[in-house]
Amino acid sequence: MPMDSKDKTEKVVEKAVKVKDIKKEENTKKNKDFITSLEFALKGIQTVFEEERNMRKHVCLGGLAMLAGVVFRLNRLEWLWIFLAVFLVWIVEIINTVFENVVDMCTDHHFHPIGKKIKDMAAGAVLMTSLFAIIVGLIIFLPKLLEFFSLLTN
């Protein structure tokens, strides 16, 4: 029984739909491998560092806290608190930058009251995390600094 043109057209359409679905599935897949994912993540961190002045400040201050940790020979628990505080500030600053960029993209860089609220709340999260880091730093370093200065004056 010969195939009529309608059957041929249906088969061609079915095949095209399948190919389209396969290509669509390939495009929505996660990164192909760990190295590619790692490259994208590192590029994201590099972008935040290059474009955000506050991130550069946080990195410098976090580096100073770690240097102070070496100088004052922190114990394991103190190091854990310092790393927690420093990395939390860095992570929240990255998330703040993400929110700022998404709001700017959605509003096409025009003012919108909800966009302002989102940006303000994200900035507030950075502020709260920074205050946490300062408190941790004071709890750990203030007694060590006081001891150091008392040795200098005696």
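Scanning segment 95-122 for residues that are aliphatic (A, V, I, L, M), open to solvent by 50 Å² or more (accessible area, probe 1.4 Å) and under 23 Å from K43 (Cα atoms) turns up I95, V98, V102, M105.
In segment 58-86, what residues are aliphatic (A, V, I, L, M) and open to solvent by less than 30 Å² (accessible area, probe 1.4 Å)? Show your work before the answer.
If we filter segment 58-86 for residues that are aliphatic (A, V, I, L, M), which is where we start, we get 59, 61, 64-68, 70-71, 74, 77, 80, 82, 84-86.
Those that are aliphatic (A, V, I, L, M) and open to solvent by less than 30 Å² (accessible area, probe 1.4 Å): A65, A68, L74, I82, A85, V86.
Every test in (1) surrounded by 14 or more Cβ atoms within 10 Å (Cβ to Cβ); (2) modelled with pLDDT under 95 is passed by K29 save one, and that test is (1).
The residues in segment 135-153 that are open to solvent by less than 100 Å² (accessible area, probe 1.4 Å) and aliphatic (A, V, I, L, M) can be counted, and the count is 6. Of everything listed in (1) farther than 20 Å from F49 by Cα; (2) open to solvent by 90 Å² or more (accessible area, probe 1.4 Å), the single unmet condition for L127 is (1).
The values are calculated or read from the model by the stated rules, or taken from the named source; none is laboratory data. Since this is a predicted model, take the numbers as computed values, not measurements. No Cβ is skipped: glycine too gets one built from the backbone with ideal geometry, and neighbour counts run over all protein chains shown. What goes into the accessible areas is simple: the full protein's heavy atoms, side chains included, and nothing from ligands, DNA or RNA. Shrake-Rupley method; radii C 1.70, N 1.55, O 1.52, S 1.80 Å.
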